Each structure stands twice: as C-alpha cells, then as structure tokens.
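Heads up, the thing below is written out as structure tokens.
The values are calculated or read from the model by the stated rules, or taken from the named source; none is laboratory data. Predicted model, so just to flag it, every value in this text is computed and none were measured. Here the Cβ positions follow ideal geometry from the backbone for every residue, glycine too, while neighbour counts run over all protein chains shown. Remember, those area values only see protein heavy atoms, side chains included, never the ligands or the DNA or RNA. Shrake-Rupley method; radii C 1.70, N 1.55, O 1.52, S 1.80 Å.
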Amino acid sequence: QHPDWRAERLKGVLMGTATATDGVSVHTQGAGRIDVARAVRSPLSVAPSSVDAGVALWPHADDTPVETTLTYRNDGDAPVTLALSARMRGPDADAPAGMFTVTPADLVVPARGTATARLVSDTRVDAPDGRYQGAVVATGNDAAVHTPVSIVREVESHDVTFTGVGPDGGTPYQLGITLNHADTGHHDGGDSFDGT
C-alpha cells in the first residue's frame with residue numbers, strides 16, 4: 001500500500017492502530033492485535049511508536065522527570081483535532097494524578113503535516129513502587145492512535161559489594177553469588193564471576 005514508507009513509519013502506523021485488550025499489560029501484548037485494514041485507512045501515525053521511559057532508581061525524591069516528544073503525522077486532506085490523554089496503570093491501580101501528563105490536551109494536526117505533543121513521566125509523585133504501563137491515546141475526527149508507554153519506579157534497593165577470597169587468600173578463580181529475598185525466599189538467580 002505504501003512502498004515508499006520506511007520501517008519506522010510503517011511500525012508507527014501498525015502499532016498506533018492496533019487493538020489493545022483491556023486489562024492486559026503492554027509487556028504481554030505490546031500495542032495489541034494488528035488491524036491491517038484499519039492501518040491502511042488511517043491518516044494518522046505517531047513517532048516514536050512506543051515509549052520506554054526506563055527505570056527511575058530508588059529513592060525517588062531526586063528523580064528527574066522523563067520528557068518524550070510525540071510527533072503526530074496526518075496524511076489526510078483535512079486537519080485533525082486530537083484529544084490526548086495518558087491512560088496509565090501502576091502495580092495495583094491507576095497511576096496517580098501528576099505522574100503522567102500530556103500537553104497540549106488538544107492538538108491540531110494540519111493536513112499533510114505534523115504536530116508535536118510532550119509526555120512527561122514524573123516518578124517523584126507519591127506513588128507505589130513498581131512497573132507502570134499503559135498508553136498515550138489520541139482520538140478525534142473518527143480516528144485514533146495510541147502509543148504504548150512503560151516506566152519502572154524502582155522498589156527500595158541498595159548497592160552491595162562482594163569481595164571473594166580464594167583458598168590461598170588471594171583472588172578466587174571463580175565466585176558464584178545468589179541473592180534470596182529474606183521474606184519470600186525468591187532469588188534473583190545465580191551469577192558467576194571470573195577472578196575479578
């Protein structure tokens with residue numbers, strides 16, 4: 001249908017028009033089920049096609065908000081007015097107010113043109129630690145496009161330094177380490193290191 005489109009644009013259209021299943025994490029379904037017919041008909045696309053805002057390291061009072069520019073493209077012959085919202089879930093409930101904001105709330109994308117919006121992910125707000133996921137949803141003029149979003153608000157964590165000592169008192173040939181959670185017994189697997 002669009003042999004001149006490069007990979008990023010094709011990906012953005014396919015992901016942006018996919019049908020997501022309610023209650024299923026973006027880490028499980030990605031953007032959702034691809035709808036090729038809808039993708040072909042849609043005049044809208046967005047880049048980037050998804051946002052991985054990374055891991056905000058514990059503690060969170062000094063976190064730096066993560067800003068992402070979303071560029072909406074309109075290939076239609078008429079301007080499109082989009083209503084933008086961030087629909088995000090945390091470990092147990094909807095993300096608290098102020099953690100994810102999209103500006104402007106209403107965006108006019110000109111015919112055969114582009115317009116940008118800004119997503120800010122702010123993990124300094126009072127919120128449970130854990131993984132947050134969802135999407136920025138843009139709707140208007142019988143069109144819709146969504147952008148999957150993910151960020152991790154790290155649980156309480158501390159750096160630990162291990163020093164291995166071999167039988168001769170020097171550096172060991174190999175050191176194996178397994179960390180177990182004191183309450184749950186869950187372990188993060190074992191790692192082996194050479195003599196460093």
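Using the 1.4 Å probe convention, the accessible area of the chain works out to 60 Å² per residue with neighbouring protein chains retained.
In terms of packing, defined here as the mean over residues of other Cβ atoms within 10 angstrom, the peptides 161-173, 135-147, 76-88, 17-29 line up highest first as 135-147, 76-88, 17-29, 161-173. Of the residues HIS60, VAL24, TYR72, the one whose Cα sits farthest towards the positive end of the charge dipole of segment 21-89 is VAL24 (charges of +1 on Lys and Arg Cβ, -1 on Asp and Glu Cβ, taken about the Cα centre). For segment 52-112, the gyration tensor built on C-alpha atoms gives a prolate shape. Its axis ratio a/c (a ≥ b ≥ c) is at least 1.5, and a/b is the larger of a/b and b/c. Can you divide the C-alpha Rg of the chain by 2.2 N^0.38 Å and report the result to two decimal places? Taking the Cα Rg and dividing by 2.2 N^0.38 Å, one obtains 1.35. The apolar share of the surface of segment 56-116, taken as the fraction of accessible area on carbon and sulfur atoms (1.4 Å probe, ligands and nucleic acids excluded), comes to 52 percent. Normalising the average separation of contacting C-alpha pairs (under 8 angstrom, six or more residues apart) by the number of residues puts the relative contact order of segment 122-166 at 37 percent.
Taking Cα pairs under 8 Å and at least six residues apart, what relative contact order does the chain come out at, in percent?
21 percent
Placing +1 on the Cβ of every Lys and Arg and -1 on the Cβ of every Asp and Glu, with nothing else charged, gives the chain a dipole about its Cα centre of roughly 1140 debye. Between helix 7-16 and the chain there is an angle of about 80 degrees, using the helix long axis and the longest principal axis of the Cα atoms. Sequence-ordered 3J(HN,Hα) estimates for segment 136-142 from the Karplus curve with 6.51, -1.76 and 1.60 and θ = phi - 60° stand at 8, 10, 10, 10, x, 6, 6 Hz, glycine and proline given as x.
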